[in-house]
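The values are calculated or read from the model by the stated rules, or taken from the named source; none is laboratory data. Quick caveat: nothing in here was measured; it's all calculated off a predicted structure. Here the Cβ positions follow ideal geometry from the backbone for every residue, glycine too, while neighbour counts run over all protein chains shown. Just so you know, the surface numbers come from the protein's heavy atoms only, side chains and all, with ligands and any DNA or RNA stripped out. Shrake-Rupley method; radii C 1.70, N 1.55, O 1.52, S 1.80 Å.
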Amino acid sequence: LGLLVHLEKLDLSRNHFSVFDITEEINDSTQIPTSLGALSSLRHLDLSHNFLENTIPSALGDLSTLEDLRLSGNVLSGKIPLELTKIKRLKRLDLDGNILSGGIPVEIGLLNF
């Protein structure tokens, strides 16, 4: 997926992927591939309702053109990565229905949603 540098919208919501369906990276569980951070033109990313596990990769913070990030309805855990605050164009962030821990980074409140 990381080779699709001109891709602006990626909607893979409401599927039940195995890790080898969406990435060639070898992982122990069904998780969000870090290679998505290389999609430099991406404006909309919807991976909601896929039973994705593990943490939100900090590489998503490299998506500087991202406006809409939807990760709801998965089984994501851990903290919200501070790197997401680097996405200055972000207008929508949907993390509902996961098992995230820790607080919401104060810097997220500084983004212009």
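Within region 1-49, being modelled with pLDDT under 90, crowded, with 17+ Cβ neighbours inside 10 Å, under 19 Å from ASP94 (Cα atoms) and of a type outside the set (A, V, I, L, M, F, W, C) holds for GLN31, PRO33. Can you find even one residue in region 87-105 that is modelled with pLDDT under 90 and among the acidic types (Asp, Glu)? No, there is no match, as no residue in region 87-105 is modelled with pLDDT under 90 and among the acidic types (Asp, Glu).
Kindly evaluate ARG92 against the criterion of being open to solvent by 20 Å² or more (accessible area, probe 1.4 Å), more than 17 Å from PRO105 (Cβ to Cβ) and among the charged types (D, E, K, R). When the stated conditions are applied, ARG92 does not pass them.
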